[in-house]
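Engineer: Dumping the structure here so I can ask a few things about it.
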C-alpha cells in the first residue's frame, strides 16, 4: 500500500514533465494493415511509434538499441516520424504485440523479453489478439504481460495504457523495479480488471470530435 | 447539387450502410482518427484493407482448389481476413469469416466453397459502397464544403 501511494505521487509528479515527453512504443504485427492502424492509434496518444513485422525483428531492434545506443537506426524498422538518429536510439517504453504471428508468436516474444537478462526485460508488454481465449489470456498475463487487449482496438483501449507507460518512466527515473513479483492472485485480479475494463471500453462514450476541415481541393 | 444537399446525402448514405449492417461502429472509430494532420486516414486504411482482403481471398480460393486442402492454412487466411474486416468495420465480411472458420474446423470443402462465395459477395458489396462513399466525400470537398462528422447515436 505504501509503495502504491509512493508510486502514485511519483506518477503525478512525473505526469507534468511527461506532458513534454513522448513515449516510444514498439508495435509488432505481421499485417501491414494492422501496423498502420496501430501506428495511427498510438500517435493519437502522443507516442512515438516504431513498427516491426515480426517477433524476430522486434528482438533485433531491441538488441540493436541496447548495443548501439548512439548509432543510427537499423533500416529494417520503420518509424512514424522523421528518421532522426535520436529517436531511433530512444529507449522503448512499451511493446505492443499481436498474439498470432507466423514464426515467433506474441507469446514467444513476451517470454523472450521477460526471460532476458537485458535492460529491456522490464519493458511493459501488451498482447493483442482478435480471439478471446481465456486460457491464452491468463497464459500471457502469468508470463508478465501488462494487459491483454482484444481486437479490433479502440482509441480508449490504448489511452488506458497510459498508467503502464508512466510506470515505466517512473522506474527509469527512480531506478526501482515495481513491476515484477506480483503473486498469482494479483494476476487473476489483473485479468478480471482487464476483462472488465475492456467491457467498459466497449460501451459508447462521448467521442472526441475532431473537425474535418477538408479544405484541400481534390486533384 | 449544392454543398448542403450533398452533405445530407452523404449522411443518409452512411446511415443506410449502418442500418443494413454493412458497416459497424468500428468504422466510426476510424473516422474519429481522421483529422487535419491525417486527412486521408480512412481512405488509406480502407485501401490497405482492400489490398489485404483481395490477396487473402485469392489465397483462400487457390488453397481450396487443391486436391488435398490444407485447412489449417485456409483457416489462417480466414483468421487474418476476419481480423482486418473487423478492424475496418466491414461487419458482414467479418461475420462471413466467423462462419467460414466452422467449416474449416469440420474440414468441409463444400461448405467452405459456399462460404467463400458468400464472403466474396459481401466483400465486393462493401467495397462498392465504400468507394461510393469516398466519391461523395470528394464531391463535397471539391465543391468547397467539409465532410460532416457521423453522429454515434442513430
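Engineer: Please go through region A:48-63 and pick out each residue that is touching a helix residue (DSSP H, G or I) at 6+ places or on another chain (Cβ under 8 Å) and more than 14 Å from chain B (Cβ to nearest Cβ).
Structural biologist: Across region A:48-63, the qualifying residues are A:48, A:50, A:52, A:55, A:58, A:59, A:62.
Engineer: Would you call residue B:33 farther than 20 Å from residue B:94 by Cα and out of contact with any strand residue (DSSP E or B) (no Cβ under 6 Å at 6 or more places or on another chain)?
Structural biologist: yes
Engineer: Please go through (1) surrounded by fewer than 18 Cβ atoms within 10 Å (Cβ to Cβ); (2) over 17 Å from residue A:100 (Cβ atoms) for residue B:73 and return the number of the only condition it doesn't satisfy.
Structural biologist: Here residue B:73 meets the rest and fails (2).
Engineer: If you go through region A:30-37 one residue at a time, do you hit one that is in contact with a strand residue (DSSP E or B) (Cβ under 6 Å, 6 or more places away or on another chain), within 27 Å of residue B:56 (Cβ to Cβ), at pLDDT 65 or above and buried (at least 17 other Cβ atoms within 10 Å of the Cβ)?
Structural biologist: Yes - at least one qualifying residue is present in region A:30-37.
Engineer: Same structure again: Is it the case that some residue within region B:39-56 is in contact (Cβ under 8 Å) with a residue 40 or more places away in the chain, part of a helix (DSSP H, G or I), over 17 Å from residue A:152 (Cα atoms) and more than 13 Å from chain A (Cβ to nearest Cβ)?
Structural biologist: no
Engineer: Just wondering, is there one or more residues in region A:67-74 that are modelled with pLDDT of 85 or more and touching a strand residue (DSSP E or B) at 6+ places or on another chain (Cβ under 8 Å)?
Structural biologist: no
Engineer: Among the listed residues A:179, A:185, A:168, A:172, which satisfies the condition of being closer than 25 Å to residue A:40 by Cα and modelled with pLDDT under 75?
Structural biologist: A:168
Engineer: Which of the following residues is more than 11 Å from chain A (Cβ to nearest Cβ), outside any helix (DSSP H, G or I) and in contact (Cβ under 8 Å) with a residue 40 or more places away in the chain: B:69, B:93?
Structural biologist: B:69
Engineer: Please work out which one of (1) within 13 Å of chain A (Cβ to nearest Cβ); (2) at positive phi is the condition residue B:21 fails and give its number.
Structural biologist: (1)
The values are calculated or read from the model by the stated rules, or taken from the named source; none is laboratory data. Since this is a predicted model, take the numbers as computed values, not measurements. A quick note on method: Cβ atoms are made from the backbone with ideal geometry, for glycine too, and the neighbour counts reach across all protein chains shown.
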